1. Kindly provide the set of residues from the stretch 31-54 that are in contact (Cβ under 8 Å) with a residue 24 or more places away in the chain, assigned to a helix (DSSP H, G or I) and loosely packed, with under 13 Cβ neighbours inside 10 Å, ordered by number.
2. Checking the condition exposed (fewer than 10 other Cβ atoms within 10 Å of the Cβ), in contact (Cβ under 8 Å) with a residue 24 or more places away in the chain and out of contact with any helix residue (DSSP H, G or I) (no Cβ under 7 Å at 6 or more places or on another chain), which residue from 3, 57, 7 passes?
3. Report the residue count in the stretch 60-82 for those that are at pLDDT 85 or above and exposed (fewer than 10 other Cβ atoms within 10 Å of the Cβ).
4. Output the residues belonging to the stretch 10-30 that are outside any helix (DSSP H, G or I), surrounded by 13 or more Cβ atoms within 10 Å (Cβ to Cβ) and either modelled with pLDDT of 85 or more or touching a strand residue (DSSP E or B) at 6+ places or on another chain (Cβ under 8 Å) (or both).
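The values are calculated or read from the model by the stated rules, or taken from the named source; none is laboratory data. For clarity, every value in this text was computed on a predicted model and none was experimentally measured. Positions of Cβ are generated from backbone atoms using ideal geometry, with glycine treated the same way; all protein chains shown enter the neighbour counts.
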């Protein structure tokens, strides 16, 4: 049950990030593409694994994910089996 709530919360935060990203596309102060990308990495959708594989090829993403894991114990694919 805890896993279900965690997944629901993660999807809700992802949708919120995408909404902020869309608004950020019209407001010059916000970087909309960053929020959209974060939202796509958080929500469950069929292309998520492909996007994660592409993103993990970059040093910047790898360092950011390692920092998130050290600081908060979070990985982008921690709820997937395997």
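1. 49
2. 3
3. 3
4. 25 - this is the single residue of the stretch 10-30 that is outside any helix (DSSP H, G or I), surrounded by 13 or more Cβ atoms within 10 Å (Cβ to Cβ) and either modelled with pLDDT of 85 or more or touching a strand residue (DSSP E or B) at 6+ places or on another chain (Cβ under 8 Å) (or both).
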